[in-house]
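For reference, the structure discussed in these notes is given below.
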């Protein structure tokens, strides 16, 4: 079993839909990152969380430390949101990032 | 936040040759990392680049295959040596910010294809 699990693996949506991507982890962490990877390969850090909730524009990230679970929400989705979204946790023991396998999102007009 | 650039952005190489990828950060970072992302896979840490000393490699990666340099706090190189088609991947440079809070930044990646 992977230490970081994401669901769903693939997601398609119509423009304007509300989207949720989930991340569960099994290790002790000091922080959780949500990353966005576009087809060219470059990665952009969207959020870093250690507790609670953060919002940036149409993106909202939440984390529940007790349940070892995080969600990334996209409100009013747009085709330009199409990308791979990666959850990564910083291991408390090793201080290194452990990556999920990513969720491929496609938003159609 | 730190901005990371990589050169080249992509390359197509012949089997048996070597390619050096450069990573430049626009501000000082405490730690620099090199990751590999094979097609359809998630990121795998190759090594931590240490300033002025040998890099720290993860299990399955060796210095002879992936020599790394980090001559100062803002620059590092990764060489992929004696390439084979299995080395076809995206290689990403990453840095851990100085400002605390463990913010980690990523470069745009180098897409390598080995024929």
request  = Taking residue B:69 as the residue in question, decide whether it is surrounded by 15 or more Cβ atoms within 10 Å (Cβ to Cβ), farther than 22 Å from residue A:43 by Cβ, away from chain A (no Cβ under 14 Å) and in contact with a strand residue (DSSP E or B) (Cβ under 8 Å, 6 or more places away or on another chain).
outcome  = yes
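Quick check, is residue A:93 more than 10 Å from chain B (Cβ to nearest Cβ), under 27 Å from residue B:91 (Cβ atoms), surrounded by fewer than 18 Cβ atoms within 10 Å (Cβ to Cβ) and modelled with pLDDT under 95?
For residue A:93, the condition - more than 10 Å from chain B (Cβ to nearest Cβ), under 27 Å from residue B:91 (Cβ atoms), surrounded by fewer than 18 Cβ atoms within 10 Å (Cβ to Cβ) and modelled with pLDDT under 95 - is met.
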ask   = Could you count how many residues in the range A:1-22 are more than 17 Å from residue A:81 (Cβ to Cβ) and either in contact with a helix residue (DSSP H, G or I) (Cβ under 9 Å, 6 or more places away or on another chain) or crowded, with 19+ Cβ neighbours inside 10 Å (or both)?
value = 1
query = Can you name the residue in the range B:19-31 that is away from chain A (no Cβ under 13 Å) and in a strand (DSSP E or B) and is also farthest from residue B:93 (Cα to Cα) among such residues?
reply = B:19
remark   = Across the range B:49-61, the tally of residues that are surrounded by 13 or more Cβ atoms within 10 Å (Cβ to Cβ) and assigned to a loop (DSSP other than H, G, I, E, B) stands at 6
Test: residue in the range B:100-115 that is away from chain A (no Cβ under 14 Å), outside any loop (DSSP other than H, G, I, E, B), within 17 Å of residue B:15 (Cα to Cα) and in contact with a strand residue (DSSP E or B) (Cβ under 8 Å, 6 or more places away or on another chain) = yes
request  = Please work out which residue is farthest from residue A:27 (Cα to Cα), limiting yourself to the range A:50-90 and to residues that are within 14 Å of chain B (Cβ to nearest Cβ) and touching a residue at least 60 places away in the same chain (Cβ under 8 Å).
outcome  = A:85
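The values are calculated or read from the model by the stated rules, or taken from the named source; none is laboratory data. Because the structure is predicted, anything quoted here is derived from the model rather than measured. FYI the Cβ positions are ideal-geometry reconstructions off the backbone, even for glycines, and counts take in every protein chain you see.
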